[in-house]
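Novice: I have a structure I would like to understand better, so I am pasting it below and will then ask my questions one at a time.
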């Protein structure tokens, strides 16, 4: 019986309309130029052979040496998806998606033909851009009139009273910061929406203690191709308008539209322990 180590499965990258795509200079996740298209009707899925033992759920969840193993393969995954994007719309698949055989891939394309085709039509001439907004916690937490740092309060009468007053001030400043960040989130989100065909919020990562910037908003925007300059101009306007809060806006892209593809349900034998690595990584 063939061992799991030698058992070859197909690693899947993304679905496109059937066409002739040159993968001769594009390395698959394992480094070889062995990516090809599995076709069914008017659809095709880019795939390359891998060892099932290397990409099964247990292997992907193993912590030892994971980053060193994952990083180059994630980059090659993205390079294949980018090659697919150059030919037109693509429905990208998450890192670690496997199918046992080409026949299983063809069955997948046949069974999900309609939602895949609808997605390709919807994504044509559109691209995903990431937006991250940060604010300076010291500036965002200041009450009106505090920006100069001046104070008319007399010094406390005792060390104990000083400790208590400082504790109260820190608590109030923290509450002001949270309220202002929530306001910034709502205001900036509303400013972004008119530029996008669709938009998705992502969870902001928690800031490290003492970080110079706090996350305000993390989002993905689906833009019509050619709209990025207008989005970049808006980012500059937002930084200028919210300078008093130390706001910075980071744009990343264009990316394949991972955030705007339909949920196709569980893939056959998918190793879905890992989501697509974050760009800027999300």
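Novice: For the residues 21, 75, what sequence is obtained by ranking on other C-beta atoms within 10 Å, fewest first? Can you show the working numbers first?
Specialist: Details: 21 19, 75 12.
Arranged by neighbour count, lowest to highest, 21, 75 become 75, 21.
Novice: Just want the ordering: 97, 248, from fewest to most Cβ atoms lying within 10 Å of their own Cβ.
Specialist: Details: 97 23, 248 17.
So the ranking, lowest neighbour count to highest, is 248, 97.
Read-outs throughout are calculated quantities, based only on the coordinates presented, and are distinct from any laboratory measurement. Fair warning: this is a prediction, and the values are worked out from it, not measured in the lab. Every residue, glycine among them, receives a Cβ derived from its backbone with ideal geometry; neighbour counts consider all protein chains shown.
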